[in-house]
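S.K.: This is the structure I have questions about; it appears just below.
Quick note: the coordinates plus some simple rules give every number you see, no bench work behind them. Quick caveat: nothing in here was measured; it's all calculated off a predicted structure. Neighbour counts run over all protein chains shown; Cβ positions are idealised from the backbone, glycine included.
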Amino acid sequence: MTQPTESTADAAGRTAAVTVSAVDKTFDTRSGRVDALTAIDLTVSAGEFVSLIGPSGCGKSTLLRLIADLDQPTAGSVSVFGKSAKQARLDQDYGIAFQQAGLLPWRTVAANVGLPLELHGVSGGDRTARITELLEMVGLTDFADRYPDQLSGGMQQRVAIARSLAEKPDLLLMDEPFGALDEMTRERMQTELLRICAETGAAVVFVTHSIPEAVYLSDRVVVMSPRPGRIQQIVPMVLNRDPAHAEALREERAFFDGVTAVREALHAGSPVPTGARGVENR
Ligand SMILES: Nc1ncnc2c1ncn2[C@@H]1O[C@H](COP(=O)(O)OP(=O)(O)OP(=O)(O)O)[C@@H](O)[C@H]1O
Ligand SMILES: [Mg+2]
């Protein structure tokens, strides 16, 4: 690993998974300029789980797209493991699971999941074994030979999640990956994601509208506010993340305290008694 420069190091001086420095993003549209993000500074350490939460339109997806080099900042810089966002994309340093599943319709479920392995030259037998393991993990073993349009939205999302995990990446960029899942499956996938992160040491940048989901998963929750999108507050979580403890966590005092802390951060400056628009309390 290359020696981190000061700007791409985390607080402990190690190379950060993601460094976002003084980033602005504006879109020029026919109806005028949209300031999507302003003055964003964020460092995600290696192995850290960071969620982005905030009302619809506050720039969460835009920020994730800048990290993934699917779009470029108007000002400021983004680096991933000490490289430019572009270089990290070319090197395929991360797995992506976005709001829309983004599957290739002409490939079967198994072939979609195996795509990153294929691109990196993982050979037949190893690839098949890994695909089997991933499909089992997301509960789609019986659907390996189906095509995406034969699956429900939630099943498609699970295929995309399996694909993002195929290469055990050191960084996962996930934009509402569990949005289309039923509550039971969603909880199972959350627990599974925590287990995978503990196992692989992956860092995650995770966009969600669900406060409990953010609290359950994250080391830190980044609360954003709209117009222009900015970081309002970063709320650290102090939960016991031992995977063996994962289910009990949902019933614990520390979990509910975390939910309250994030709710209050979301409502800071706007004393709304109920959930902020576009943010679920479930
Ligand atoms: N390609 C684009 N062209 C013009 N405006 C855009 C573009 N992409 C995003 N925006 C605008 O930038 C702002 C932030 O959008 P973004 O999709 O990042 O929000 P979000 O926080 O992900 O919202 P949601 O929770 O609804 O997914 C919005 O005002 C949106 O209209
Ligand atoms: Mg979005």
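S.K.: Quick one: dipole size for segment 115-177, taken about the Cα centre, charges +1 on Lys/Arg Cβ and -1 on Asp/Glu Cβ, in debye to the nearest 20. Please list the in-between numbers first.
M.R.: Values: 6 positive and 11 negative charges, 14 e Å.
Computed about the Cα centre, the dipole is about 60 debye.
S.K.: Here's a follow-up. Aspartates and glutamates near Lys86 by alpha-carbon distance under 17 Å, same-chain residues fewer than 8 away left out - which ones?
M.R.: The qualifying aspartates and glutamates are Asp69, Asp71, Asp170.
S.K.: Could you work out the mean projected area of the convex hull around the alpha carbons of the chain, in square nanometres to one decimal? It would help to have the intermediate numbers written out before the result.
M.R.: Working: hull surface 63.7 nm².
Result: 15.9 nm².
S.K.: Could I ask something else about it? Along each of its three principal axes, how wide is the spread of alpha-carbon positions in segment 103-168, in whole angstrom units, largest first?
M.R.: 30, 22, 18
S.K.: How do Tyr147, Tyr94 line up, fewest other C-beta atoms within 10 Å first? List each step's numbers first, then the result.
M.R.: Values: Tyr147 16, Tyr94 24.
Sorted ascending by nearby Cβ count, the order is Tyr147, Tyr94.
S.K.: Then there is this: Using the Cα centre as the reference, give the magnitude of the dipole from point charges on the C-beta atoms of the chain (Lys, Arg: +1; Asp, Glu: -1; all else neutral), rounded to the nearest 20 debye. Numbers along the way, then the final one.
M.R.: Numbers: 28 positive and 36 negative charges, 140 e Å.
Value, rounded to 20: 680 debye.
S.K.: Sort 65-72, 27-34 by the packing proxy (mean of other Cβ within 10 Å over each peptide's residues), most packed first. Please report the intermediate quantities before stating the final value.
M.R.: Working: 65-72: 18.8, 27-34: 8.8.
Result, highest mean first: 65-72, 27-34.
S.K.: Right, here's the next one. Once amide H atoms are placed 1.01 Å from N in the peptide plane, what residues at a sequence separation of 5 or more from Ala9, or on another chain, have their amide H within under 5 Å of its amide H?
M.R.: Correct list: Ala16.
S.K.: Tell me, in nm to one decimal, what length is gained between Asp242 and Gln100 on full extension, where the rule is 0.36 nm per residue of separation less the Cα-Cα distance?
M.R.: On the way: separation 142, 0.36 × 142 = 51.12 nm, distance 3.08 nm.
Value of the extension gain: 48.0 nm.
S.K.: Under 5 Å between amide H atoms, partner at least 5 residues away or on a different chain: which partners does Phe49 have, H built in plane at 1.01 Å?
M.R.: Here the answer is Val204, Asp219, Arg220, since their amide H atoms fall under 5 Å of that of Phe49.
S.K.: What residues of segment 218-256 lie in the reach of a label at His267, counting those whose backbone N is under 16 Å from a point 7 Å from the Cα along Cα→Cβ?
M.R.: Within reach of a label on His267: 256.
S.K.: So, one more: With point charges of +1 on the Cβ of Lys and Arg and -1 on the Cβ of Asp and Glu, referenced to the Cα centre of the chain, which listed residue (Ala162, Gly124, Val44) lies farthest in the positive direction of the dipole?
M.R.: The listed residue farthest towards the positive side: Val44.
S.K.: Would you give the gap between the C-alpha center of segment 162-197 and the C-alpha center of segment 15-53, rounded to a whole Å?
M.R.: Distance between centres, Cα-based: 22 Å.
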